[in-house]
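Written below as structure tokens is the structure these notes are about.
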Amino acid sequence: MSGLALSIVFIAAFLHATWNTMAKNSRKKIVFVWWFQLFSLIFYLPMFVYYWPANPVDSTGWVCILASGIIHFFYFLLLGGAYERGDLSLVYPISRGSGPLFVPLLAVLFIQEELHAVGVLGIVLIILGIYVIHLQAFSWQAAQVPFRTMGGDSFFWSFGTGLTIAVYSLVDKIGVEHVYPPIFIYCMFIVCWLIMTPYVFVRERDNIRPEWKSNKYYILLVGFLVLCTYMSILFAMRLSKVSYVVAVREVSIVFSALYGVFLFGEKYLSQKIAGSVLIAGGVVCIGFG
């Protein structure tokens, strides 16, 4: 993986952790997502208008845009459902860890990516680091906690979230080969927001106004950051293998863990340090791979 691609993904990971920290206190996640997507479309409309005339979209590009928008809607829906059914310490490692696990398998099968042994080792280290960073103790009992959730509602919602991450990452990798990233991400957001709008107005109508009143400043900030963050990832996908990009992107968990410790006084610093070291080692391996 090139130094430029690594740098882009690192910046995107930092921004991802930042806006997720802002979104932590949202009242109703799916409504919060609906609001910040709306403002992303408003903020980045001038960018879209600027790039649109010189970057036509072919038929494959439109298929990928439509598919990615639909998959992202289910991603946000499943992630919100997982958080409503399980604790953060259980949901996050399953949803984020299963994404990098699925992506290499799908990438090899469907787009014939070839992964080096050192790169595969890096992916494994990152998945292991995600697991360790969410442990509450270094003990056999604590290590078994995530696996005990298998069969429960939160596990299936979290696992489904990870699967959507893998699928939309593969679709987006194909899409940015046909569509300039700023055009791709903007059109994908339009599709996702249009699908989400009737759902929110039917199922969450009473939460729309309270969510805005409670979190309008966070909504505006996230609306600016989120599209910029994923646009950076799309550019990285044009430079490197999607399996590596998705794995390195999870360094955002390290930034998120640091935010948790220093901003919210969260515990289990030793586990977070150990997991961060494993993730860093995985990133180094992918860099060599």
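The table below lists the values:
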{"item": "Under 19 Å, Cα to Cα: Lys pairs in the chain, sequence gap 8 or more or different chains", "result": "9"}
{"item": "Segments 244-257, 121-134, 33-46, 5-18 sorted - mean Cβ within 10 Å per residue, highest first", "result": "244-257, 121-134, 5-18, 33-46"}
{"item": "Ordering of 110-117, 59-66 by burial proxy (mean other Cβ atoms within 10 Å per residue, highest first)", "result": "59-66, 110-117"}
{"item": "Spin-label model distance (nm) - VAL120 vs VAL277, 7 Å beyond Cα toward Cβ", "result": "2.6 nm"}
{"item": "Fully extended contour minus Cα-Cα distance, from ILE195 to SER59, at 0.36 nm per residue", "result": "46.9 nm"}
{"item": "ILE11-LEU269 pseudo-label distance in nm [points 7 Å out on the Cα-to-Cβ vector]", "result": "3.2 nm"}
{"item": "Spin-label model distance (nm) - ILE111 vs ALA143, 7 Å beyond Cα toward Cβ", "result": "3.5 nm"}
{"item": "Packing-based ranking, highest mean first, of 206-215, 136-145 given that Cβ atoms within 10 Å are counted", "result": "206-215, 136-145"}
{"item": "Computed lengthening from ARG205 to TRP52, 0.36 nm per intervening residue step minus Cα-Cα distance", "result": "51.7 nm"}
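Each reported figure results from applying straightforward, stated rules to the coordinates on display, with no laboratory input. None of these values were measured; they are calculated from a predicted model. Glycine gets a Cβ as well: all are built from the backbone with ideal geometry, and neighbour counts include every protein chain shown.
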